[in-house]
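The values are calculated or read from the model by the stated rules, or taken from the named source; none is laboratory data. Every value quoted in this text rests on a predicted model; they were computed, and no experiment measured them. Every residue, glycine among them, receives a Cβ derived from its backbone with ideal geometry; neighbour counts consider all protein chains shown. The area values use the complete protein model at the heavy-atom level, side chains included, leaving out ligands, DNA and RNA. Shrake-Rupley method; radii C 1.70, N 1.55, O 1.52, S 1.80 Å.
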Amino acid sequence: MAKNYVYAIARVRSLELNLFTKTVLEQLIAEKDYESAIGFLHDHGWGNPEESNESADKLLTVEEEKTWADIREMVPDMSAFEVLLIPDLYHNLKAAIKTVVSGDAGANVFIKDTNPSGEKMVELIKAGDFSQLPKDMQECASEAFESFSHTMDGQICDIIIDKAALSAILAAGEDAEDGLLKEYAERYVAIADIRIALRASLTHKSTDFMKRAMVPTKTVSIERLMQTALQGVEEILRYLGETEYAGIADVYDKGQAAFECWCDNLIMETIKPQKYNSFTIGALVAYVLARLNEIKTVRIILSGKLNQLPESDIRERLREMYV
Amino acid sequence: MTMGTVYALFGAAIAVILSGMGSAFGVGVAGQAASGVVTEDPSKFAKVLILQLLPGTQGIYGLLVAFIALSKVGLLSGQPAELSVATGLMVLASCLPIAVVGLVSGRHQGKTAVSAIGIVAKKPDQFGKAMLFPAMVETYAILALLVSILAVNNIPV
């Protein structure tokens, strides 16, 4: 029997009224400095208004936690959101391996509310008991741990885990019943492959390096990406012109910020039709992605304010909003 | 009691049962959406309640047709008529439009009401327009009701 999300989606429709529109973001940009921008966010119910001198990081973390808390309250079975939670889970795995090998338990290195938690992963890795980790993670955890403990090369450790995370996202997307989750997973992984190819081309990495990092998808061919990456960025962009990611060619010359913005906007375009969906999990996934995108955009604005960037520079980095 | 009376009684029963099922689903699903909106914004209670109630009419129509059918065959007065099988089947056939259309339209009206509640959640000032969408589904329940009433009333008993 299909799961029933009618109650949750109706609640989310009301919550969507609180999402920032472009106009509200313009008002935030127009605030005279970082402190007044934080005050503006407090006035809009963000963070913990009672806490004076709340840092941007803390404020945004509170907002992210609020989003997930709302969703957990509405949807008892969170398995459908696995696709969105995988990056946090694998981030914690990286942090856990580095913590165990370096013996340095840095403060706040773990993302909260993952299953297993970062602290639990540290315990399991210390005990060499990888079998207690989620199935998809066991092999990469063992390989990354061995590699990092022998070479102390953080980049190789990251590549192994990032590739496993991308594979897990793709697999979770394929298993998902909802079309949005499938599409999101496909685009997320394809964009990650494109990023890897572009960086590898700029830093003259080998095909072998790219092969270790990329995950095959349906919408881009990693063989073509690897082949063109060896010939240069122009060739990659020419190849992408034949795919649904052709828009990258138009923005890539404008710089890294414009490219990252385009990637995030593509995800927003993917989820926008969910505004008119009243029955399936896609509407809830879209809300979570919209909130995360909103939080990311506010982070960019606050960072710009903190570093006293001109308003025009901040505006260039603004993402498309869901509402 | 004749076999004809049994068929007539069966017709009245399915008019109530199927249209009631349609309404129960419609009101139920719209109620879930209404609860979701009221959880976040209790001020919208009255508006979403009206939308929730729209799919409830099919059950009332089924009840109305069943009353007319039962009255027609004398079951309400306690003096059941001696109906032939053909007459009993005619009463049964007369009850079918509201039974079947009530079931289907109740479910669909419920789903349309859910989407309309979504409109009210985001744009409460558009309540009038939002109400029109589920109300359109009502047209077909009313047509079925008319046919059922006309048919039951015109069966010679």
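Below is a table of values for the structure above.
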quantity	calculated
Per-peptide average of other Cβ atoms within 10 Å, ordering A:197-207, A:178-188, B:59-69, B:139-149 highest first	B:59-69, A:178-188, B:139-149, A:197-207
Label point distance in nm, A:LYS22-B:LYS122, each placed 7 Å from Cα along Cα→Cβ	1.6 nm
Using alpha-carbon coordinates, inclination of helix B:3-40 to the longest axis of chain B, degrees	10 degrees
Modelled FRET efficiency - R0 60 Å, A:ASP129 with A:ALA246, Cβ distances, 0.05 increments	0.80
A:ASP158 accessible area, assembled protein chains, probe 1.4 Å, Å²	40 Å²
Accessible area (Å², per residue) of region A:69-202, counting only protein heavy atoms and a probe of 1.4 Å	47 Å²
Förster radius 45 Å - calculated FRET efficiency between B:LEU53 and B:GLU82, Cβ distance, rounded to 0.05	0.65
Degrees between helix B:127-153 axis and first principal axis of chain B (Cα, 0 to 90, nearest 10)	0 degrees
Virtual spin-label span in nm between A:SER102 and A:ARG315, 7 Å along Cα→Cβ	4.0 nm
Among A:ALA286, A:ALA190, A:ALA176: highest mean-square fluctuation, GNM of chain A, C-alpha pairs under 10 Å	A:ALA176
Shielding score for B:23-30, defined as the mean number of other chain Cβ atoms within 10 Å	1
Whichever lysines have a C-alpha closer than 18 Å to that of A:LYS211, once near sequence neighbours (fewer than 8 apart) are set aside	A:LYS163
Exceeding the 28 Å Cα-Cα cut-off - candidates A:LYS218/B:LYS111; A:LYS22/A:LYS98; A:LYS22/A:LYS218; A:LYS112/B:LYS122; A:LYS58/A:LYS98	A:LYS218/B:LYS111; A:LYS22/A:LYS98; A:LYS22/A:LYS218; A:LYS112/B:LYS122
Accessible area of chain B divided out per residue, in Å², using a probe of 1.4 angstrom	46 Å²
Over chain B: helical MRE at 222 nm, DSSP H runs n ≥ 4 each giving -39500 (n - 2.57), nearest 500	-29000 deg cm²/dmol
Label point distance in nm, A:THR207-B:MET136, each placed 7 Å from Cα along Cα→Cβ	5.7 nm
For residues of B:121-128, the mean tally of beta carbons on other chains within 10 Å	2
Chain A: calculated mean residue ellipticity at 222 nm from DSSP helix runs of at least 4, using -39500 (n - 2.57)	-22000 deg cm²/dmol
Under 12 Å from the Cα of B:LYS44 - aspartates and glutamates, other chains or at least 8 residues apart	B:ASP125
Degrees separating the helix B:57-72 axis from the principal Cα axis of chain B, which is the longest one	10 degrees
Calculated FRET efficiency for the pair A:ASP77/B:MET3, C-beta based, R₀ 45 Å, to 0.05	0.30
For residues of A:14-20, the mean tally of beta carbons on other chains within 10 Å	4
Ranked by how many other beta carbons lie within 10 Å on average, peptides B:99-106, B:86-93 from highest	B:99-106, B:86-93
